Every structure is written in structure tokens, then in C-alpha cells.
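*Asks:* Here you go, one structure.
The values are calculated or read from the model by the stated rules, or taken from the named source; none is laboratory data. As the structure is a prediction and not an experimental result, all values here were calculated from the model. Neighbour counts are summed over all protein chains in view; Cβ atoms, including those assigned to glycine, are modelled from backbone coordinates with ideal geometry.
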Amino acid sequence: MTDGVLLEVCVDSLESALAAEQGGAQRLELCAELGVGGVTPSAGLLAAVLEHVSLPVVVLVRPRSGDFLYTRAEVQTIERDIHAAREAGAAGVALGALTADGEIDRACTAHLVECAGPLQVTFHRAFDMLRDLPAGVDQIAELGIGRILTSGGRASVPDALPVLADLVRHAAGRVSIMPGGGVRPGQAAGIVARTGVHELHASASGRRPSGMRHRNPQCSLTPTPPDESVQTFTDADVVRALREAIG
């Protein structure tokens, strides 16, 4: 067991937010569509979570799935979503914008940080798409952002422990490195021990059968059909196991 490690759980429904709180999460990242890496949640979902959950809520501000190269119209949408999160009472926002060359869009990101005002700001996993991760840490620290959510530029955190440890040393306390991506209870203590991080991010998900008795096998709403016979949700027992692992 480790001391003083904060557990942030990523949720995309009120049910999952309540389960995360019940399991012992200390902060939530609220989003929609976790299956595509998360996008901005609806105003209704945010209001419901803030009403029923007492934990600090960080709102993912990402107007669409795909890359992080945004048009001016998309930036305007992000501005509005940041404003809505602040007005609703969120504790923070998670954001990030890149250039076509795989670098942080400093002008855009600085503008969005300014829009966020007093809110906590996390630079989300757009960070993992950067050409140079240590340089990204320097730029994010210079922009006054307090936290980076990252899998170390790999598919999952367990694949990137040496990279994450190097990023923590490089950050040198200027910005918090928060591992997230593929974190499960059996790995959590080892991740913290190997990297020296003080925050950990996980979806703590489980799967269950859908309640639908009828399914049309000839139709799907997406080009790559998901398994519509199951639902993914935050499992309070998985959250609890994560908390027990990291203290």
C-alpha cells in the first residue's frame, strides 16, 4: 500500500459517478462516450452529477473524437463548454490542443487556460500524441497547467512505466504527472512504486449484458460495430480495490 496517492475515476454516466464515489474515488473526470476516448458530456449529465455527487468534478472538454487539431469553430465550442462547466460548478476542466506537427498549440492552449479562469486545468491525453513528451511537459508547466493525464505515449500505462518515471523526474514538481489508461487494481501499487506519482486515473470499468431482448443484426449506428449486447459501467468494487491498492 502507498501513501497519499489520489484516485481520479473517469465516468460517463450518473450511475457510474455514484459507483465511483461509493467505491472511494477522490475526484471524478466526467465525459461522454468513453468508447472513443471521451468527449464533452452534456449539460444535463453534468448538472445531475454535480447535484448527486459530493466529489470534485473535472469536465473533459473535447468537442469530438479523433485528433486534437481544432478549427476556429471547434475552439469556439470549447470556449463555450469551459464557460458552461465553470458556471455549473465544476472543479476543473481537462483540455488540450495540438498542431499538425505533433506539438502543443501554445496559443490555443494558453487562450483556453485563460478561459478556464480559476478552475483546475488538466492537459488530457492529447499529450500522448506529442512528438516530444519531455518538451511537452516543459510547455505545459510554462502555461500554468497543474496536471497532465498520460499513458506515457503508449497504449496503456503498464507498457510505459520507465517513460512515466522519466516524465515525473523531468517535471520535478512543476506539474503533476497522472498516469491513466489501462490501470487495473492488481497493477496500481506497482505503477505508483515504479513512477513516484501522487495521482492515478482509471475508469474502473466492468461489463454487463444489455437489457435489450431484441437486437437487429443487420443494423449498427457506427461504421465499426460495437458489441451492443453489453454495457460498460464503473464498478464500485473495482474502484474500492484500486483505493485499497494505493492507500
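*Asks:* Report, by residue number, each residue of segment 1-40 that is within 12 Å of the chain's Cα centre (by Cα) and closer than 12 Å to S205 by Cα.
*Replies:* V9, C10, V11, D12, L34, listed by residue number.
*Asks:* Look at T2 and say whether it is of a type in the set (S, T, Y) and at pLDDT 95 or above.
*Replies:* In short, no.
*Asks:* Here is a follow-up. Can you name every residue in segment 183-213 that is within 22 Å of R147 (Cα to Cα), under 18 Å from the mean Cα position of the chain (by Cα) and among the hydroxyl-bearing types (S, T, Y)?
*Replies:* Selection gives S203 alone.
*Asks:* Which of the residues that make up segment 69-127 are closer than 23 Å to R27 by Cα and in a strand (DSSP E or B)?
*Replies:* G92, V93, A94, L95, Q120, V121, T122, F123, listed by residue number.
*Asks:* Select from segment 139-148 the residues that are buried (at least 16 other Cβ atoms within 10 Å of the Cβ) and either among the acidic types (D, E) or touching a residue at least 60 places away in the same chain (Cβ under 8 Å) (or both) and list them in ascending order.
*Replies:* none
*Asks:* If you go through segment 50-91 one residue at a time, how many are within 17 Å of V11 (Cβ to Cβ) and either over 16 Å from the mean Cα position of the chain (by Cα) or of a type in the set (D, E) (or both)?
*Replies:* 7
*Asks:* What residue, among those in segment 1-57 that are acidic (D, E) and outside any helix (DSSP H, G or I), is surrounded by the fewest Cβ atoms within 10 Å (Cβ to Cβ)?
*Replies:* Residue satisfying both the conditions and the ranking: D3.
*Asks:* Please go through segment 183-217 and give me each residue that is under 17 Å from A19 (Cβ atoms) and either assigned to a loop (DSSP other than H, G, I, E, B) or modelled with pLDDT under 90 (or both), ordered by number.
*Replies:* V183, R184, S203, A204, S205, G206, R207, R208
*Asks:* Quick test for you: out of G37, G24, G92, G66, pick the one residue that is within 18 Å of L119 (Cα to Cα) and touching a helix residue (DSSP H, G or I) at 6+ places or on another chain (Cβ under 9 Å).
*Replies:* Step by step, each of G37, G24, G92, G66 is checked, and only G92 is within 18 Å of L119 (Cα to Cα) and touching a helix residue (DSSP H, G or I) at 6+ places or on another chain (Cβ under 9 Å).
*Asks:* Here's a follow-up. State whether the residues of segment 165-175 include one that is within 18 Å of A94 (Cα to Cα) and in contact (Cβ under 8 Å) with a residue 24 or more places away in the chain.
*Replies:* Within segment 165-175 (the criterion being within 18 Å of A94 (Cα to Cα) and in contact (Cβ under 8 Å) with a residue 24 or more places away in the chain), the answer is yes, since at least one residue qualifies.
*Asks:* Search segment 134-182 for residues being of a type in the set (D, E, K, R) and part of a loop (DSSP other than H, G, I, E, B), and hand back the single one that is nearest to Q120 (Cα to Cα).
*Replies:* R174
*Asks:* Can you confirm whether G66 is farther than 19 Å from G102 by Cα and among the small types (G, A, S)?
*Replies:* So G66 fails the test.
*Asks:* Further question: Which numbered condition in (1) modelled with pLDDT of 95 or more; (2) closer than 14 Å to C10 by Cβ; (3) surrounded by fewer than 17 Cβ atoms within 10 Å (Cβ to Cβ) is the only one that G180 fails?
*Replies:* It fails just one condition, (3).
*Asks:* Based on this model, can you work out whether G190 counts as closer than 21 Å to V137 by Cα and surrounded by fewer than 18 Cβ atoms within 10 Å (Cβ to Cβ)?
*Replies:* No: the conditions fail for G190.
Residue by residue, here is whether (1) without any contact (Cβ under 8 Å) to a residue 60 or more places away in the chain; (2) β-branched (V, I, T) holds:
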residue	(1), (2)
H52	yes, no
V59	yes, yes
T71	yes, yes
T77	yes, yes
I82	yes, yes
A91	no, no
A94	no, no
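*Asks:* Sticking with this structure for a sec: Looking at V39, is it free of Cβ contacts under 8 Å to residues at least 40 places away in the same chain, farther than 19 Å from A236 by Cα and touching a Lys or Arg at 6+ places or on another chain (Cβ under 6 Å)?
*Replies:* So V39 fits the description; yes.
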